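Only one structure is covered here, and it is reproduced in the block below.
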Amino acid sequence: MSAATIEGNDGAGPFEVTHRLVLSIAIPMTLGFLTTPLLGLTDTAVAGRLGSADALAGLAVGAVIFDLLLGSFNFLRASTTGLVAQAYGRGDRREEQAVCWRSLTIALCAGLIIALLSPLLLSAGLFLMAPSPAVAEVTSTYFMIRVLSAPMALANYTLLGFVLGRGQGMTGLLLQAIINGINIVLSIGLGLGLGWGIAGIAWGTFAGETVGLLAGFLIVVSRFDRAHRPTRVEIFARERMRALFSLNRDIMIRTFVLIGSFAIMTRIGSSMGPLVLAANAVLMNLFLVAGYYLDGLANAAEQLVGRAFGAGFRPAFDRAVKLTVIWSFGLGAATTVLLLLFGTDVIALLTTTESVRVEAAKYLPWAALTAISGALAFQMDGVFIGATWSSAMRNMMLAAFVGYIAALALFVPLLGNHGLWLALNLFLVFRGIFFALRLPALADRQFSGAGRS
């Protein structure tokens with residue numbers, strides 16, 4: 001069987017997984033996802049050049065609050081990818097479109113609710129993070145502008161999930177480049193060029209998400225094949241909606257725990273003073289760079305595993321797991337080396353405050369190590385999402401979180417901020433190992449008597 005590309009073909013039935021096929025999905029999405037930490041680096045650099053540690057810390061707190069809010073809805077992207085990939089493997093084009101419309105409906109409704117409840121959500125976020133009054137003022141300015149983009153941001157999750165489910169990596173790259181490219185340009189232009197500061201960064205985000213949604217409808221939705229258009233009854237069928245909500249619930253719990261772990265890290269760092277909080281904010285951008293590198297391979301695992309499930313073809317599943325593990329660890333090791341070599345230069349670009357630069361350099365090795373410690377965790381996330389093993393994913397994430405809390409309780413009192421970063425690395429290791437231990441039994445149960453050649 002020859003290697004098949006995904007874009008532009010029928011996609012149904014048995015298929016061969018090759019290095020080329022994995023990279024045809026992973027490379028475009030890695031490039032696309034890298035625009036997100038690049039955006040984070042840009043926003044941090046803009047805030048860092050406002051000449052105030054409060055501005056940088058306020059942006060960091062605001063970003064964490066949004067990670068908790070919008071990141072908790074990442075299930076819209078993940079569930080859409082897994083379900084569309086499985087429908088793609090079965091050759092069910094009507095269900096592919098139906099999944100997209102279901103998820104878009106949920107996304108727009110949830111985004112509007114977030115925008116309407118924004119004053120209460122801001123108060124809860126500030127209570128949770130407990131920043132100083134000056135930092136809280138910056139956070140409030142940023143939050144109340146950026147929250148207006150919530151409906152567009154969540155809808156963009158769904159559109160990205162759809163194209164990833166079909167393995168259309170180049171389309172995903174285009175959508176991510178549009179959203180984050182506009183955001184980056186306007187954050188610099190409005191934040192520094194026009195002197196709007198933190199408000200300019202927030203308006204840049206609003207513009208990027210809005211234009212991205214319009215582009216998504218033009219590029220993706222307008223090109224749906226009318227011959228396979230589902231009816232309204234099919235889209236909102238009770239059984240399908242119930243299954244989607246069940247899947248989304250489990251992934252939401254998993255995502256909320258993940259984002260919550262980062263919020264806890266920020267909260268503990270905040271208790272160590274504004275200098276440590278600002279240094280950790282800079283280093284978290286390096287961690288995100290490593291994470292988004294690995295997310296491209298996780299997306300390849302999602303699509304290929306989901307497609308193999310839809311086709312009922314075990315050899316493709318096994319090969320997809322094997323190749324994405326190899327590439328994930330290889331890329332993680334390379335990223336760690338690069339961060340160790342050039343991390344201090346990146347830190348210098350992100351902030352002009354010398355005290356923050358010095359403080360961040362102390363903990364740079366921990367941030368660099370996350371690329372290796374998180375390699376298996378990210379890859380396994382992709383496998384479990386593609387397989388829609390949502391309850392197992394939820395349970396393993398909760399188990400890893402318990403280990404993370406124990407590590408924080410043990411190492412932070414002993415090692416301070418070093419202990420905080422050590423606990424984060426252990427959390428990533430726990431996730432990867434726990435997921436990998438569950439994989440064989442789940443796969444055997446799924447493919448028993450099917451898909452063997």
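The values are calculated or read from the model by the stated rules, or taken from the named source; none is laboratory data. Given the structure is predicted, the values throughout are model-derived calculations rather than measurements. We place every Cβ from the backbone using ideal geometry, glycine too, and count neighbours over all the protein chains shown. Keep in mind that these areas ignore ligands, DNA and RNA; they rest on the heavy atoms of the full protein, side chains included. Shrake-Rupley method; radii C 1.70, N 1.55, O 1.52, S 1.80 Å.
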(request) Report the accessible area of Ile219, computed with a 1.4 Å probe over the heavy atoms of all protein chains in place, in Å² rounded to the nearest 10. (result) 40
(request) May I ask you to rank Cys100, Cys109 by accessible area, largest first, using a 1.4 Å probe over the protein chains only? (result) Cys109, Cys100
(request) Kindly report the accessible area of the chain per residue (heavy atoms of protein chains, probe 1.4 Å, no ligands, DNA or RNA), in Å². (result) 38
(request) At 0.36 nm per residue, minus the direct Cα-Cα distance, what do Leu341 and Ala441 gain on full extension? Give it in nm, one decimal, please. (result) 31.9 nm
(message) Can you compute the helix-only [θ] at 222 nm over the chain? Use -39500 (n - 2.57) per DSSP H run of at least 4 residues, normalise by all residues, nearest 500 deg cm²/dmol.
(response) -28500 deg cm²/dmol
(message) As a test of reading the structure, rank Trp389, Trp196 by solvent-accessible area (1.4 Å probe, protein chains only), most first.
(response) Trp196, Trp389
(request) Compute the FRET efficiency between Leu414 and Phe236 as 1/(1 + (r/R0)^6), taking r as their Cβ-Cβ distance and R0 = 60 Å, and round to the nearest 0.05. (result) 0.65
(request) Any chance you could run the full-extension gain for Cys109 through His228? It's 0.36 nm times the residue separation minus the Cα-Cα distance, nm to one decimal. (result) 40.3 nm
(request) In debye, nearest 20, what is the charge dipole magnitude of the chain about its Cα centre with +1 on Lys and Arg Cβ and -1 on Asp and Glu Cβ, if you could check? (result) 1100
(message) Can you compute 3J(HN,Hα) from phi for each residue in the stretch 408-416, using the Karplus curve 6.51 cos²θ - 1.76 cosθ + 1.60 with θ = phi - 60°, rounded to whole Hz and x for Gly and Pro?
(response) 4, 5, 7, 9, 5, x, 7, 10, x
(message) Using a 1.4 Å probe on the protein heavy atoms only, what accessible surface does Met396 show? Give it in Å² to the nearest 10.
(response) 40
(request) Could you run the Karplus curve 6.51 cos²θ - 1.76 cosθ + 1.60 with θ = phi - 60° over the stretch 76-87 and give me ³J(HN,Hα) per residue in whole Hz, x for Gly and Pro? (result) 4, 6, 5, 5, 5, 4, x, 5, 5, 4, 5, 5
(request) Quick one: what are the phi-derived ³J(HN,Hα) couplings along the stretch 207-223, Karplus 6.51/-1.76/1.60 with θ = phi - 60°, whole Hz, x for glycine and proline? (result) 5, x, 5, 5, 5, x, 5, 4, 5, x, 5, 5, 7, 9, 5, 5, 9
(message) Can you give me the solvent accessible area of Asp318 with a 1.4 Å probe, rounded to the nearest 10 Å²?
(response) 70
(message) Give me the tail of P(r) for the chain as a percent: Cα-Cα pairs with distance above 30 Å.
(response) 41
(request) Multiply the residue gap between Leu349 and Ile326 by 0.36 nm, knock off their C-alpha separation, and tell me the result in nm, one decimal place. (result) 5.0 nm
